[in-house]
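The values are calculated or read from the model by the stated rules, or taken from the named source; none is laboratory data. Given the structure is predicted, the values throughout are model-derived calculations rather than measurements. Cβ atoms come from the backbone with ideal geometry, glycine included; neighbour counts cover every protein chain shown. Ligands, DNA and RNA are stripped out before the accessible areas are found, and what is left, the full protein with its side chains, is counted by its heavy atoms. Shrake-Rupley method; radii C 1.70, N 1.55, O 1.52, S 1.80 Å.
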Amino acid sequence: MPELPEVEVVRQSLNKKIKQKKVKKVIIRNRNLRFKLTLNFASFLRDKRIIKVNRFSKYLILCLSNKSFCLIHLGMSGTIHLIEANGKNLKTNTSFYNSPFLPKKHNHVEIIFKNLKIVYNDPRRFGFFQIIKNSCLLKKRFAHLGPEPFDPKFNLKYVSSFLKEKKNLKNIKILIG
């Protein structure tokens, strides 16, 4: 499973390449991912502009021009490949693995922009895409998760709430400083 730093690298790569780009077309080659893609997934994304690409935990968040969101989770083996229309980029994978080519199998979703496309590849199909209609639903979607590591809410008080013994709290204070 991609770890948090790898997902952040993917987020940065996508944000650099697709931020402010308009989705021209979506091709779904296989709806059967961890959660089946809805029938209106392609039409929902079409003609939306990607305002920016965020991340919460290991979820990539495409922030769309209509104030909705598209969540992407890479699952255990998912990768996102950037393919430029001019064919100049030899490395396609947005992660630090930098695969020199797009695999021929397991390309489930393509999101096409004017001069490039992103291709979601996942041999195990444990990843997923999910449409979230507004920011309230997005907050609700992540309510069961703790804070991000660099969030001010991730502090000694938060960590200590999981500890029941004073001894363990003292050890944590020593570790943190």
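Using Cβ point charges alone (K and R +1, D and E -1), the dipole size of region 1-143 about the Cα centre works out to roughly 500 debye. Only protein heavy atoms count here; on that basis, with a 1.4 Å probe, Ser135 has an accessible area of about 60 Å². From the cross-link list Lys24/Lys139; Lys25/Lys105; Lys52/Lys117; Lys36/Lys133, which pairs have alpha carbons spaced over 22 Å apart? Correct reply: Lys24/Lys139.
Ranking of Lys48, Lys104, Lys17 by solvent-accessible surface, largest first: Lys104, Lys17, Lys48 (1.4 Å probe, protein heavy atoms only, all chains present).
Which shape class, rounded, prolate or oblate, goes with region 1-75 when its Cα gyration tensor gives a ≥ b ≥ c as root eigenvalues, a/c under 1.5 marks rounded, and past that a/b bigger than b/c marks prolate? The shape class here is oblate.
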